[in-house]
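Peer 1: Below you'll find the structure I mean.
The values are calculated or read from the model by the stated rules, or taken from the named source; none is laboratory data. Here the structure is a predicted model, which is why all the values come from computation and not from measurement. Note that we place each Cβ from the backbone using ideal geometry, even for glycine, and neighbour counts take in every protein chain shown. For the accessible areas, the whole protein counts, side chains as well, though only heavy atoms, and no ligand, DNA or RNA atoms are used. Shrake-Rupley method; radii C 1.70, N 1.55, O 1.52, S 1.80 Å.
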Amino acid sequence: FPVTIPKPRPSRTALPKPWIPWLPRTTSPTPRPKRTSRKVSTAALAERFTQLVPHGAIHVQPNNPLLVNEPVNFWSDVPQEFTFNTVLLGVVVRVKLKPSFNWEFGDGSSDSQSGRGAPFPLDTVHHRFSTRGDKTVTVQISWSGTAWIDGVPAPIPGGLITQSSTQVIEIYPAHTYLAPHIVTGK
């Protein structure tokens, strides 16, 4: 017997139909990807920045005792300027912030300063307490500055990024007495 090998059958190849302008297309165009953008609120940005800025403590001079009608010096160890980079939604954001301070001394008086105070002899934030007792000293720090988003600057107004630090101090009465003045004469 002779062995016969079957020949492969030719396959049908579909020829593309020519497009005739007055007839509708038979194939649909490939869809373009949709652009999605998430809107970020200023509150969300402020929350993110608040987590990154340094928190400062309140320092007091003299160490103890703090006396009625004697000056008490205050300062915060927050830096005068803070710069950082972060990534938001895949975009690099460079931020430069400066703090402003509002001091409340726990006796109804307050002092708004652009500076953070300093230890003696530069005592720029000081207060004299007229009554004794525990006083809660609070400093409210409001950061403002500029953010560069993809190199485009945008202002960050004060009040969006805020912090607060408190410290309780005790004011003691200052005891005074009159010493006799002795005049000696000849």
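Peer 1: With Asp111, Asp123 as the choices, which residue is under 29 Å from Val60 (Cβ atoms), free of Cβ contacts under 8 Å to residues at least 40 places away in the same chain, of a type in the set (Asp, Glu) and in contact with a strand residue (DSSP E or B) (Cβ under 7 Å, 6 or more places away or on another chain)?
Peer 2: Asp111
Peer 1: Give all pairs with beta carbons closer than 6 Å in which a residue from the range 61-87 that is among the polar types (S, T, N, Q) meets a residue that is open to solvent by 80 Å² or more (accessible area, probe 1.4 Å); count only pairs at least 6 apart in sequence or on separate chains.
Peer 2: Sorted first by the residue in the range 61-87, then by its partner, the pairs are Gln61/Phe120; Asn69/Arg128; Asn73/Phe120; Asn73/His126; Asn85/Arg94.
Peer 1: Based on this model, can you work out whether Ser110 counts as in contact with a Phe, Trp or Tyr (Cβ under 7 Å, 6 or more places away or on another chain) and small (Gly, Ala, Ser)?
Peer 2: Numbers: in contact with a Phe, Trp or Tyr (Cβ under 7 Å, 6 or more places away or on another chain): yes; small (Gly, Ala, Ser): yes.
Yes: the conditions hold for Ser110.
Peer 1: Which of the residues that make up the range 154-175 are open to solvent by less than 80 Å² (accessible area, probe 1.4 Å) and free of Cβ contacts under 8 Å to residues at least 40 places away in the same chain?
Peer 2: The answer is Ala154, Pro157, Gly159, Ser164.
Peer 1: To continue, here is another question. Tell me, which residue of the range 128-143 that is β-branched (Val, Ile, Thr) and in a strand (DSSP E or B) is farthest from Ile171 (Cα to Cα)?
Peer 2: Among them, the one singled out is Ile141.
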